[in-house]
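Every read-out reported here was derived from the displayed coordinates using simple, explicitly stated rules and does not represent laboratory data. Only a predicted model underlies this, so the values are computations on that prediction, with no experimental measurement involved. For neighbour counting, all protein chains shown are included, and Cβ atoms are generated from backbone atoms with ideal geometry for every residue, glycine included.
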């Protein structure tokens, strides 16, 4: 049975954040708010939790997961970023963007695209997500909470708890955070390429 924490969306309670991170460190799978929609998150190196996300979302082994980072300096540990790319990212973080970047050896192989050795990374503009990562001290392995057969992710934490109460360990109610996915931009080529248009405006990156 999943635990259920109500965490203030602007001033997250430190006690609840610590408890949530203990669950993550212990191999738990959590539903948490971001700046685009609710997402599934777990410890970066946890294969069992990763398999649970795949089962919930019915994903194949080629699905790209995303690493959520606190800031760009943390992102640079897990992705190869040149100066030009860094400047472009700086203008769009934190925010509802996922950037496809070349992965470094710090990224577990199971998280990378198997052929391209790339990883999706983002810095969310959400106080609860940032507080979780601050307490955790490293990125969160993440996937959007888009359930099989649904066009949009669920937005009500109580509904999420009812649907996933036996599939996850914790649902964090961080208030309404939208239902539109992030904008995905591939930064691995000579020019930025729009892969998916979501709630972030990246038009200035694509000129």
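Among 131, 181, which is buried (at least 16 other Cβ atoms within 10 Å of the Cβ), closer than 27 Å to residue 60 by Cβ, in contact (Cβ under 8 Å) with a residue 60 or more places away in the chain and under 18 Å from the mean Cα position of the chain (by Cα)?
181
For the range 134-157, the tally of residues that are over 25 Å from residue 121 (Cα atoms) and either touching a residue at least 40 places away in the same chain (Cβ under 8 Å) or in a strand (DSSP E or B) (or both) stands at 0. Scanning the range 50-74 for residues that are in contact with a helix residue (DSSP H, G or I) (Cβ under 7 Å, 6 or more places away or on another chain) and over 12 Å from residue 143 (Cβ atoms) gives 69, 70, 72.
I'd like the full set of residues that are in a strand (DSSP E or B) and either without any contact (Cβ under 8 Å) to a residue 40 or more places away in the chain or within 14 Å of the chain's Cα centre (by Cα) (or both), limited to the range 97-128. First the steps, then the outcome.
First, the residues of the range 97-128 that are in a strand (DSSP E or B): 97-103, 118-122.
Scanning the range 97-128 gives 97, 98, 99, 100, 103, 119, 120, 121, 122.
Look at (1) in a helix (DSSP H, G or I); (2) surrounded by 14 or more Cβ atoms within 10 Å (Cβ to Cβ); (3) in contact (Cβ under 8 Å) with a residue 60 or more places away in the chain; (4) more than 18 Å from the chain's Cα centre (by Cα) and you find that residue 74 fails only one, number (4).
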